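Working notes, structure below.
The values are calculated or read from the model by the stated rules, or taken from the named source; none is laboratory data. Predicted model only: the values in this text are computed from it and were never measured. Heads up, the Cβs are rebuilt from the backbone with ideal geometry, glycines too, and the neighbour counts pull from every protein chain shown.
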Amino acid sequence: MHLSSPPSRGRAAWAAAAFAAAALLTAPLPAVAADSGTAPSPKVDSALLKAVDDGGQASFFVVLKDQADLSATRKKKSHAAKARSAYSELRAHAKTSQRSLSSFLDKKKAGHEDYWIANTIKVDGDQDLVNELAKRSDVASIVMEQHYRLDGIETSDAKVTKTRPASGKTDSAGTGDDTPEWGIADIEADDVWSQYETRGEGIVIANVDSGVQYDHPDLVAQYRGNNGDGSFSHDYNWYDPTGSCPDSAVPCDNNGHGTHTMGTMVGRKGIGVAPNATWIAAKGCESDLCTDSYLLAAGQWILAPTDHEGQNPRPDLAPNIVNNSWGGDDNTFYQDIVEAWNSAGIFEAFAAGNDGDGVTCSTTHPPGAQVSSYGVGAYDANGKIASFSGFGPSLVDGSAKPNISAPGVNIGSTWPGSSYNTINGTSMATPHVAGAAALLWSAAPSLIGDIDETRRLLNEGARDVDDTHCGGTAGMNNVWGEGKLDILASIDKAPHTAVTVSGKVTDRATGKALSGIAVQATDGSSAARTVSTASDGSYRLALAPGTYSFELSGYGYADRSVSGVELTTGTPLAQDIALDAVTTHPVTGTVLDVTGKPLARATVEVTGTPVPSVTSGTDGTFTLPAVAEGSYTLTARPTAPVLCNGIYSASLAVDGVETRTVQLPARSDNSGNSCTPAAYSWIKGSTAVPLTGDEDARTVSLPFWVPLYGVDYSSASVTTNGLVNFMEPRLGDYANTALPSAARPNGIAAPFWDDLTLDKKSSVQTALKGKNGKRQFAIVWNKALLVSDGRTRVTFEAVFDEATGDITFQYQSVPGSGSTATVGIENQAGTDALPYSFDQAVLTDGSAIRIAQGA
């Protein structure tokens, strides 16, 4: 891909997964006339036309007309089969239908990224490209990226506390849990616990939100990534496309909203509707703001969970239910995602929004206002509709909204910091419905994946409230929907064919109860149902009639399986199981860095086990003294400064004493770029770049196409501050930051990004070395002065290689060793980067770092 010059404004279109308004194809988008007087295509939205006017460049989404046919998917019987079918059909359809458009964009040298779940392509270009795309018969609409907000939290007098909020009803479940929250009692969830002896066992709930504090004491036991032995496996159980968490591979919540909604779904101590359900989460919102690209990434992950790098999708691990307590303006955004989820048998609930005033109609917003979504309104403990709850009918499609209402005022739930908070909002009402669906599916497993029947039962069980001032009937109106959620009534109306399987798991030799043992049941056609044993070793699972196989597994014990178990309605199965402990052995070895030298202070662990991690010694050696026999993953991580050392991860089979030589791979980013130390070979500058003083920049022509994150450039802006900026030829006093960062500048190569100035002793030069096809182009900063002390001078360069596309940073003289500089490269949207250092004294005179760019 080539661009004749760097984009002048806006972000590039190759951010990690983007989704944006695919369902806008359902209606023409408004447009304004261009300055030329030519009427623009109705396919192009007005915001995009404005952005590309007068030579502007922008990123946008091209939505194709042709959409996947998921009718066959809906006919599949099991949840797992539905999810696999939806994923396969969407991927295959996108590959075929996008081929022509992708080829066109490649010929135009336009950067683009192709997505499957909404059949859309994200593109970066100007007005001419937009006009050409609008003429294509396969294009339905062309739209700018949008931003949503988490469904706003209404004010409350309560404050964050370390103690659980007060509740309002005695715990009738008799399990020793604290008194249920008023909302839990109002929807009769606690009566379901006692009468049906189910609390959501075997059901997986997700949220698309601000994240979750995974180790909150009332949530940690239910997290699917909890291995039950003190260790955690976050792949396929957590995804952070926003990069907002300190470590995107580990769950976090930098807002509180997501932890609160998850608590209402599965929290212990009477906080959650389905406290024995299992949860996973996708961070679709940076904080209170949710960007289209992140929401799309989250939406795709819900249908086909991946590892933390967004790779190796597993639709068989899709959740059963997903809660969405966020929304936006009056468009049809997210509709294709919702329909894909529904076809895959994933029940979704959306907040109706907090834009109501208690009187005005049509105040609900998408996605909860769309006919395909199950929208939720809010009411208080006195049985009155909340003043903020959004009313229908929908301005999007005229459908009756909300679908149902649930408790949403003074809702106490979990909060980051292992705390609790009591807040208001339809955000708080929606997880009551998601949790209720988990209770329904746990009690009546024949309903799992049947979206229509599940909605029907929730609707039929709801308590009617007569308020027709916005239209409708006493039984279904645009203020309350079907009425107040009553999950006990819904389960009473459900088919009661489930068979209860229960028992206790113990150590065969000692008789000790074993907690955290995974008990998985499969019948060969539906998705596996899994529960973990409680502290007393007990387990309980309600299953549809059929023939099952059971697998038991847990660290330190030999796996055990039982097959051919017939389950018949009316005949519960009680089965105690004893497991055999296995022998432990030491695992020893040596950690080497990327160059093959012993690496001290590396962290070595047997991932997903309770075995304590160890740190390599000065000679790189390590010993894990006791690892149980079994198959695992051995992981070694460098300690800061990380430099070019990546993370080692390899399979480990323990059946005796194991010895490993662990050499860390080259550090890489999500785009496949990697770095290694290189041989120093200084190129002397020869052609002056007219830069002077502080915060100066000049655009230079590149002698050959220079790639950066999949886009080739013929020019770049060189700044006094040690940056090569491929995105915008402008000045700006940018303080150096850690990479990646969404803040400008983006699309950069930073050999030594710091506040530098050029005086009479300083210069910036370029040099071209070699012959065509094997040339090297160097940009050299000579004796640039550090503004911070006015004394220190640094000499360094960035070298671009024509043959390989590699970028090499070389350091002739770096007093202070780069202790205040940023070194690395970053993509055009600030979502991916290969950082070498940030404010770390790690650079040395006469050294070089080579960055090999991925395909």
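Being outside any strand (DSSP E or B), touching a Ser or Thr at 6+ places or on another chain (Cβ under 9 Å) and in contact (Cβ under 8 Å) with a residue 60 or more places away in the chain is the filter here; which residues of region 784-804 pass it? Talk me through it step by step, then tell me what you get.
Step one: list which residues in region 784-804 are outside any strand (DSSP E or B), which gives 787-792, 802-804.
So of that shortlist, the ones also touching a Ser or Thr at 6+ places or on another chain (Cβ under 9 Å) come out as 787-788, 790.
Residue satisfying the conditions is Val787 alone.
Is it fair to say Ser651 is within 30 Å of Val519 (Cβ to Cβ), under 28 Å from the mean Cα position of the chain (by Cα), polar (S, T, N, Q) and surrounded by fewer than 18 Cβ atoms within 10 Å (Cβ to Cβ)?
Working: within 30 Å of Val519 (Cβ to Cβ): yes; under 28 Å from the mean Cα position of the chain (by Cα): yes; polar (S, T, N, Q): yes; surrounded by fewer than 18 Cβ atoms within 10 Å (Cβ to Cβ): yes.
Answer is yes for this residue.
Go through Ala281, Ala298, Ala249 for me and flag whichever is more than 20 Å from Arg199 (Cβ to Cβ), touching a Pro at 6+ places or on another chain (Cβ under 8 Å) and in contact (Cβ under 8 Å) with a residue 40 or more places away in the chain. If you could, list the steps in order and put the result at the bottom.
Details: Ala281 fails: more than 20 Å from Arg199 (Cβ to Cβ); Ala249 fails: touching a Pro at 6+ places or on another chain (Cβ under 8 Å).
Only one candidate passes the filter, namely Ala298.
Would you be able to say whether some residue in region 451-463 is in a helix (DSSP H, G or I) and over 32 Å from the mean Cα position of the chain (by Cα)?
So far as region 451-463 goes, yes, one or more of its residues are in a helix (DSSP H, G or I) and over 32 Å from the mean Cα position of the chain (by Cα).
Which of the residues spanning region 478-512 are among the small types (Gly, Ala, Ser) and in contact with a strand residue (DSSP E or B) (Cβ under 7 Å, 6 or more places away or on another chain)?
Pass one, region 478-512, residues among the small types (Gly, Ala, Ser): 481, 483, 489-490, 494, 498, 502-503, 509, 511.
Gly481, Gly483, Ala498, Ser502, Gly503, Ala509 - these are the residues of region 478-512 that are among the small types (Gly, Ala, Ser) and in contact with a strand residue (DSSP E or B) (Cβ under 7 Å, 6 or more places away or on another chain).
Consider region 365-387. How many of its residues are under 22 Å from Ala437 (Cα atoms) and assigned to a loop (DSSP other than H, G, I, E, B)?
Qualifying residue count for the region: 12.
Looking at Asp789, Asp832, which is the one that is modelled with pLDDT under 95, over 19 Å from Arg698 (Cβ atoms), out of contact with any strand residue (DSSP E or B) (no Cβ under 9 Å at 6 or more places or on another chain) and charged (D, E, K, R)?
Working: Asp832 fails: out of contact with any strand residue (DSSP E or B) (no Cβ under 9 Å at 6 or more places or on another chain).
After applying the criteria, what remains is Asp789.
Can we say Thr639 is assigned to a loop (DSSP other than H, G, I, E, B), among the β-branched types (Val, Ile, Thr), at pLDDT below 95 and closer than 30 Å to Ile748 by Cα? Explain how you work it out, then say what you get.
Working: assigned to a loop (DSSP other than H, G, I, E, B): yes; among the β-branched types (Val, Ile, Thr): yes; at pLDDT below 95: yes; closer than 30 Å to Ile748 by Cα: yes.
When the stated conditions are applied, Thr639 passes them.
Name every residue in region 594-606 that is crowded, with 18+ Cβ neighbours inside 10 Å and either part of a strand (DSSP E or B) or in contact with an Asp or Glu (Cβ under 9 Å, 6 or more places away or on another chain) (or both), in order of residue number.
So the first thing to find is which residues in region 594-606 are crowded, with 18+ Cβ neighbours inside 10 Å, and the list is 594, 599, 602, 604-606.
Leu599, Ala602, Val604, Glu605, Val606, listed by residue number.
Does region 682-700 hold any residues that are on the phi > 0 side of the Ramachandran plot and small (Gly, Ala, Ser), and which are they? Break it down stepwise before answering.
Taking region 682-700 as the starting set, the residues that turn out to be on the phi > 0 side of the Ramachandran plot are 693, 695.
Within region 682-700, Gly693 is the sole residue that qualifies.
Given the condition touching a His at 6+ places or on another chain (Cβ under 7 Å), among the acidic types (Asp, Glu) and at pLDDT below 95, answer yes or no: does some residue in region 352-364 qualify?
Of the residues in region 352-364, the ones touching a His at 6+ places or on another chain (Cβ under 7 Å) are 353, 355.
Filter again for among the acidic types (Asp, Glu), leaving 355.
Checking the rest, the ones that are also at pLDDT below 95 come to 355.
Yes, some residue in region 352-364 is touching a His at 6+ places or on another chain (Cβ under 7 Å), among the acidic types (Asp, Glu) and at pLDDT below 95.
Out of the residues in region 673-691 meeting the condition of being surrounded by fewer than 14 Cβ atoms within 10 Å (Cβ to Cβ), touching a residue at least 24 places away in the same chain (Cβ under 8 Å) and not in a strand (DSSP E or B), tell me which one is farthest from the chain's Cα centre (by Cα).
Initially, region 673-691 is screened for residues surrounded by fewer than 14 Cβ atoms within 10 Å (Cβ to Cβ), giving 679, 681, 684, 686-688, 690.
Next, only the ones that are touching a residue at least 24 places away in the same chain (Cβ under 8 Å) stay: 679, 681, 684, 686-688.
Then keep just the ones that are not in a strand (DSSP E or B); that gives 679, 681, 684, 686.
Details: Ala679: 39, Ser681: 42, Lys684: 45, Ser686: 47 Å.
The selected residue is Ser686.
All but one of (1) under 28 Å from the mean Cα position of the chain (by Cα); (2) surrounded by fewer than 16 Cβ atoms within 10 Å (Cβ to Cβ) hold for Thr73, so report the exception by its number.
(2)
When you scan region 755-763, do you find a residue that is modelled with pLDDT of 95 or more, within 40 Å of the chain's Cα centre (by Cα), assigned to a strand (DSSP E or B) and among the hydrophobic types (A, V, I, L, M, F, W, C), even just one?
Yes, region 755-763 contains a residue that is modelled with pLDDT of 95 or more, within 40 Å of the chain's Cα centre (by Cα), assigned to a strand (DSSP E or B) and among the hydrophobic types (A, V, I, L, M, F, W, C).
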